[in-house]
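Inspection log for the structure reproduced underneath, given as structure tokens.
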Ligand SMILES: [Fe+2]
Ligand SMILES: [Fe+2]
């Protein structure tokens, strides 16, 4: 699905800019750049990327797949969008480097859960229902300018990883797992899917 491919391309870019932000925080980058990172996060990451996930993808997922919005994976994803938005505002106001580190770690985990759990699950289920595409929108001039700002920051600060931050695929590594969300299978799978899955496990 083209929309999901576009989201994944944006993930790669946002993931790298999160690494630039992490280097900025770790190595004492120019304090003036806090505002530039905050602008990239508010206008491109939140205003363009997260806003399209919330407004274009999630309503189709709720309607077509009949999965809940107020609990489970979709709640976790939307809560993180709100948290990232508020932390980005805080970064812009304060230039606090701990806030910057926290934003980078949340973004990395958020992207991992969308790429490895939410999107594959959604794509497969929508395909089975015959939904091949979801309408997208193009970035505004302001959103394109924010993307260019992100590219400039990426040039200035080579992405740096946090060696303490574990990355990986699936629900087990997700910080919401077991207290906010029971995992995609428990939250979304129906009886038939479980039986099919257990049957296949049994065979092979
Ligand atoms: Fe997201
Ligand atoms: Fe995303």
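For the chain, the longest principal axis of the C-alpha atoms and the axis of helix 141-156 are separated by about 70°.
Structural descriptor for region 2-203: relative contact order 38 percent, calculated from alpha carbon pairs under 8 angstrom and at least 6 residues apart. Model label sites at residue 127 and residue 26, defined 7 Å from Cα along the beta-carbon direction, differ in position by 3.7 nm. Each residue in 81, 179, 197 was given a count of other beta-carbon atoms within 10 angstrom of its own, and listing them fewest first yields 179, 197, 81.
Largest first and in whole Å, what are the equivalent-ellipsoid semi-axes of region 64-131 based on the Cα gyration tensor, each being the root of 5 times an eigenvalue? Please list the in-between numbers first.
Values: eigenvalues 187, 30, 13 Å².
That gives 31, 12, 8 Å for the three semi-axes.
Would you mind classifying region 92-204 by shape? Square roots of the alpha carbon gyration tensor eigenvalues, ordered a ≥ b ≥ c; an a/c under 1.5 is rounded, otherwise it is prolate if a/b is larger than b/c and oblate if not. Oblate. Using a Gaussian network model of the chain in which every pair of alpha carbons under 10 angstrom is joined by a spring, one finds that among 46, 55, 146 the greatest mean-square fluctuation is at 55. log₁₀ I(q)/I(0) of region 1-115 at q = 0.12, 0.17 Å⁻¹, via Debye over equal Cα point scatterers, no solvent, to two decimals? The Debye formula, applied to the Cα set alone, gives -0.42, -0.80. Relative to the dominant Cα principal axis of the chain, helix 191-203 is inclined by about 80°.
Mind giving me the FRET efficiency for residue 200 and residue 173? R0 is 30 Å, r the Cβ-Cβ distance, nearest 0.05 is fine. Intermediate results must be reported in sequence, preceding the final value.
Numbers: r = 24 Å, r/R0 = 0.80.
Efficiency at R0 = 30 Å is approximately 0.80.
For a test of the definition: using alpha carbon positions, the gyration tensor, and the 1.5 limit on a/c, classify region 125-187 as rounded, prolate or oblate.
On the way: a/c = 3.09, a/b = 1.21, b/c = 2.56.
Oblate, since a/c reaches 1.5 and b/c is not below a/b.
Taking label positions 7 Å along the Cα-Cβ direction at both residue 71 and residue 144, the computed distance is 4.5 nm, reported to one decimal.
Calculated [222 nm] ellipticity per residue, helices only, for the chain: -19500 deg cm²/dmol; basis is -39500 (n - 2.57) per DSSP H run with n ≥ 4, divided by all residues, nearest 500. Relative to the dominant Cα principal axis of the chain, helix 2-26 is inclined by about 40°. Pairs of alpha carbons in region 2-203 separated by more than 29 Å make up 27% of all such pairs. Per-residue Cβ neighbour counts within 10 Å put 166, 1 in the sequence 166, 1, beginning with the fewest.
Just rank 195, 80, 151, fewest to most, by other beta-carbon atoms within 10 angstrom.
Values: 195 11, 80 19, 151 15.
Least to most surrounded, the residues fall as 195, 151, 80.
Any read-out appearing in this document is the output of simple, stated calculations on the displayed coordinates, not a laboratory observation. In this text the structure is predicted, and so the values were computed from the model without any measurement. Here the Cβ is made from the backbone with ideal geometry for all residues, glycine too, and neighbour counts use every protein chain on show.
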